[in-house]
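Enquirer: The structure follows.
Each reported figure results from applying straightforward, stated rules to the coordinates on display, with no laboratory input. Treat the numbers as computed from the prediction; the structure is a model and nothing was measured. Every residue, glycine as well, gets a Cβ built from its backbone with ideal geometry; the counts of neighbours run over all protein chains shown.
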Amino acid sequence: MKVNDKLKPFTAKDQNEEEFDISKHLGKTPLVIYFYPKNFTPGCTKEACSFRDSYQDFQDLGAEVIGVSGDSESSHQRFAKKHNLPFTLLSDKDGKLRKQFGVKKSLLGLLPGRETFIFDDDGVLIHRFNSMDAKPHIRKALKVVKKINT
């Protein structure tokens, strides 16, 4: 997926084991979709908690945050509950979403990649950011979402 590509509809199970349909959000709100390697690992926990701590800022800008990893729905549920995560976590056990978005493995191909995608109100990709360092993802995403609203 490249900048200016339109987000294709998809469904996936969320942390409540419910079917999440992205098409219900397309054309309505900016979307921040971030892929991360694994629940409960130090970097991924730090990233999720940083998105949690900035979640209201994203909401105030009209944006929705969605996290995606290959963990199961029940793992996502435990992760969200333990860290009070207010946003949707999607299970990508079969890797279809990673493939659709073009998220490559990192660390010599051993770990699923960490990448953030920001879509405007029309579902057009306006920014993508790839880094195994979790810290800059939130700051960059917030900066891009603020530009959408100016």
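Enquirer: Since Asp21 meets every condition but one in (1) farther than 10 Å from Ile138 by Cβ; (2) surrounded by 14 or more Cβ atoms within 10 Å (Cβ to Cβ); (3) without any contact (Cβ under 8 Å) to a residue 40 or more places away in the chain, which condition does it not meet?
Expert: Unmet condition: (2).
Enquirer: Here's something else I'd like to know. Return the residue satisfying two criteria in turn: it lies in region 79-122 and is basic (Lys, Arg) and crowded, with 16+ Cβ neighbours inside 10 Å, and of such residues it is farthest from the chain's Cα centre (by Cα).
Expert: Of region 79-122, the ones basic (Lys, Arg) are 81-82, 93, 96, 98-99, 104-105, 114.
Subsequent filtering for residues that are crowded, with 16+ Cβ neighbours inside 10 Å retains 98, 114.
Values: Arg98: 11, Arg114: 9 Å.
The selected residue is Arg98.
Enquirer: Can we say Phe87 is under 18 Å from Gly62 (Cβ atoms), among the aromatic types (Phe, Trp, Tyr), in contact (Cβ under 8 Å) with a residue 24 or more places away in the chain and touching a Pro at 6+ places or on another chain (Cβ under 9 Å)? Outline the logic, then answer.
Expert: Details: under 18 Å from Gly62 (Cβ atoms): yes; among the aromatic types (Phe, Trp, Tyr): yes; in contact (Cβ under 8 Å) with a residue 24 or more places away in the chain: yes; touching a Pro at 6+ places or on another chain (Cβ under 9 Å): no.
In short, no.
Enquirer: Can you name every residue in region 60-79 that is farther than 19 Å from Leu125 by Cβ and in contact with a Phe, Trp or Tyr (Cβ under 9 Å, 6 or more places away or on another chain)?
Expert: Our first condition is that a residue be farther than 19 Å from Leu125 by Cβ; within region 60-79, this holds for 60, 69-79.
Ser69, Asp71, Ser75, Arg78, Phe79, listed by residue number.
Enquirer: If a residue must be in contact with a strand residue (DSSP E or B) (Cβ under 6 Å, 6 or more places away or on another chain) and buried (at least 18 other Cβ atoms within 10 Å of the Cβ), how many such residues does region 135-144 contain?
Expert: Our first condition is that a residue be in contact with a strand residue (DSSP E or B) (Cβ under 6 Å, 6 or more places away or on another chain); within region 135-144, this holds for 137, 140-141, 144.
Restricting the remaining residues to those that are buried (at least 18 other Cβ atoms within 10 Å of the Cβ) gives 137, 141, 144.
The total comes to 3.
Enquirer: What number of residues in region 4-16 are in a loop (DSSP other than H, G, I, E, B) and either without any contact (Cβ under 8 Å) to a residue 60 or more places away in the chain or within 16 Å of the chain's Cα centre (by Cα) (or both)? Talk me through it step by step, then tell me what you get.
Expert: As a first pass, look at region 4-16 and keep what is in a loop (DSSP other than H, G, I, E, B): 4-5, 7-10, 15-16.
Now narrow it down to the ones that are either without any contact (Cβ under 8 Å) to a residue 60 or more places away in the chain or within 16 Å of the chain's Cα centre (by Cα) (or both): 7-10, 15.
Of the residues in region 4-16, 5 are in a loop (DSSP other than H, G, I, E, B) and either without any contact (Cβ under 8 Å) to a residue 60 or more places away in the chain or within 16 Å of the chain's Cα centre (by Cα) (or both).
Enquirer: Run Met132 past the list (1) within 24 Å of Val3 (Cα to Cα); (2) surrounded by 14 or more Cβ atoms within 10 Å (Cβ to Cβ); (3) over 13 Å from the mean Cα position of the chain (by Cα); (4) hydrophobic (A, V, I, L, M, F, W, C) and report the number of the one that doesn't hold.
Expert: (2)
Enquirer: Ok, one more. Looking at region 27-45, which of its residues are farther than 16 Å from Glu115 by Cα and either touching a residue at least 60 places away in the same chain (Cβ under 8 Å) or not in a loop (DSSP other than H, G, I, E, B) (or both)?
Expert: Listed by number, the residues that qualify are Gly27, Lys28, Thr29, Pro30, Pro42.
Enquirer: Right, next: Of all residues in region 32-44, which are surrounded by fewer than 19 Cβ atoms within 10 Å (Cβ to Cβ) and touching a helix residue (DSSP H, G or I) at 6+ places or on another chain (Cβ under 8 Å)?
Expert: Here is the first cut: in region 32-44, the residues surrounded by fewer than 19 Cβ atoms within 10 Å (Cβ to Cβ) are 38, 40-43.
Scanning region 32-44 gives Lys38, Phe40.
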